[in-house]
Amino acid sequence: MKKLSRAAIEALKAEFEGQLLLPGDPGYEEGRQVWNAMIDRKPALIARCMSADDVVRSMCFAQKHDLLISTRGGGHNIAGSAVCDDGLMIDLSLMRGVHVDPETRRATVEPGCTLAVFDAAAQVHGLATPLGVNSTTGVAGLTLGGGFGWLSRKHGMTIDNLLAAEVVTTDGRRVHASDTDNADLFWGLRGGGGNFGIVTSFTFQLHPLGPDVLSGLIVFPFDQAKSVITQFARFTETMPDELSVWLFTRKAPPLPFLPEAAHGKEIVALALCYAGDPAEGEKLIEPLRGFGTAHGEHVGIQPYTAWQQAFDGLLTPGARNYWKSHNFSRLSEAAIDTVVDYAAALPSAQCEIFIGTIGGQAARLAPEATAYSSRDANYVINVHARWDSAEEDERCIAWARDFFAESRPFASGGAYINFLTQDEADRIEFAYGPTYGRLVELKQKYDPTNLLRMNQNIRPGPTSGPPPDAGVSPTAMET
């Protein structure tokens, strides 16, 4: 491990507002842990920042001492890019401030915020912006990769609601990025990941919502999977923007509204949220109940913040996780058959395949309007392998990779960068598609030495690497 001199550490500590953690210090082991337990890395130093000035100090320290940088917001990223080996981990998790202006319907959010913190602050005023579906996710990483969830069909991607950002660049400058200031950087932040600087503040547009929404689950037996998924695919092609319906296939957790005989058995579940008048939503969702003979349902009017936390119990930290993902413009019969086949062979009780719906307002921007270009992705299918012990690694990872390979012929272009694992560098150019060349140029301008490379990395300089259709990752897996 890289040794930093005591004098260098003391000099940084003298002006640092937050905490500095070295190996062996109380809090170091906890500080280096991230959501995905497959990631086990040991930074030389963890800088737990309290302010944008701390981020500047950390960036300059890393430059001076030739340290690799990783940046932690919520630490939820599947690839584990929040933590590095033998470098400087810039930890933003103490920066959790949220300021909501109900008059302008804007929120200023610090990068350590989770979705739960942001949602709660905005819902005090009956406001929200599109975020993800797991409340422990960090706002920063979600946003920089694009961001989508229950409100995206009505209000677009998370980045479509980003109005401005405060950024620390790799040369230690603090800059404002918006449509009018450093517009090229602002374009790149909207989907380009953490490649161009460290964002210390986000400003979002908010929208009236709730505080209660019509939402919940309808759960069907797995022997009805082909029929349910086919009907889901056709229903979601024409549903209004206010309605989002996602589909999950997994083994049933012991939910109280399900019969005990269904617990632990494969099921197909529809998860829905209506961002409008609940009475109108009830009429719209009624056809879903006719997709089959349900085990049970739990659908009603509940606080939006509660619905945002409904899946937290299935996504707790500490498990081993591996994802593979494709975009789809339409779900063909062959794609549906592949989902059914692999959902029938789950390698662990925690594994699942989910189909998230986007489309709607998110599809109405031009592909080149933001760094995120997959505006034709009406569906994102994520095969989520999740298990507890290293002995299960080979079997669970193989299941996810096999599904990915079998479903690839039916997928559309691009990929959601936040769902790429650490062994998918060969898919980055494919993921960005028509915006990749411009991103390379932007990287050359803002990070020519590739200091910020603990991410789904866009290398500065001429476009290089695998051809644009490279979609299958190598078999090597860093654990």
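Miscellaneous remarks
- Once you reduce the stretch 79-97 and the stretch 398-425 to the center of their Cα atoms, the two points are 26 Å from each other.
- Partners for residue 445 among lysines (Cα-Cα distance below 27 Å; same-chain residues under 8 apart left out): 64
- Relative contact order (%) - the chain, alpha-carbon pairs under 8 angstrom, separation at least six: 15
- The label point for residue 171 and the one for residue 282, both projected 7 Å from the Cα toward the Cβ, are 6.2 nm apart.
- Extending 7 Å from the Cα toward the beta-carbon at both residue 14 and residue 108 defines two label points whose distance is 3.1 nm.
- Axis of helix 333-343 versus longest Cα principal axis of the chain: the two differ by about 80°, to the nearest ten degrees.
- Neighbour counts of C-beta atoms inside 10 Å place 181, 337 in the sequence 181, 337, starting with the fewest.
- Residue 364-residue 50 FRET efficiency (beta carbon distance; Förster radius 25 Å; 0.05 resolution): 0.05
- Stretched out straight at 0.36 nm per residue, the stretch from residue 265 to residue 65 would grow longer than its current Cα-Cα span by 66.6 nm.
- Listed peptides 193-204, 346-357 by packing density, highest first (mean Cβ within 10 Å): 193-204, 346-357
- Think of each Lys and Arg Cβ as +1 and each Asp and Glu Cβ as -1; about the Cα centre, that makes the dipole of the chain roughly 580 debye.
- Relative contact order (percent, whole number), the stretch 39-185, Cα cutoff 8 Å, 6+ residue spacing: 20
- Protection proxy ranking of 154-164, 446-456, 393-403 - average other beta-carbon atoms within 10 Å, highest first: 154-164, 446-456, 393-403
- Shape of the stretch 314-455, Cα gyration tensor, a/c cut at 1.5: oblate
- Taking a ≥ b ≥ c as the square roots of the eigenvalues of the Cα gyration tensor, an a/c ratio below 1.5 marks the stretch 213-364 as rounded.
- All lysines inside 18 Å of residue 42 as judged from Cα atoms, apart from same-chain residues fewer than 8 positions distant: 2, 3
- Per-residue [θ]222 nm for the chain (sum of -39500 (n - 2.57) over DSSP H runs n ≥ 4, rounded to 500): -7000 deg cm²/dmol
- The stretch 140-266: C-alpha gyration tensor shape, a/c 1.5 cut-off, then a/b vs b/c: prolate
- Summing charges over neighbours of residue 307, with a neighbour being any other residue whose Cβ is under 13 Å away from its Cβ, gives -3 when K and R count +1 and D and E count -1.
- Farthest toward positive dipole pole in the chain [+1 Lys/Arg, -1 Asp/Glu at C-beta], among 437, 148, 293: 437
Each value in this text was obtained by applying a stated rule to the coordinates, not by laboratory testing. Small disclaimer: the values here were computed from a predicted structure and weren't measured. Neighbour counts run over all protein chains shown; Cβ positions are idealised from the backbone, glycine included.
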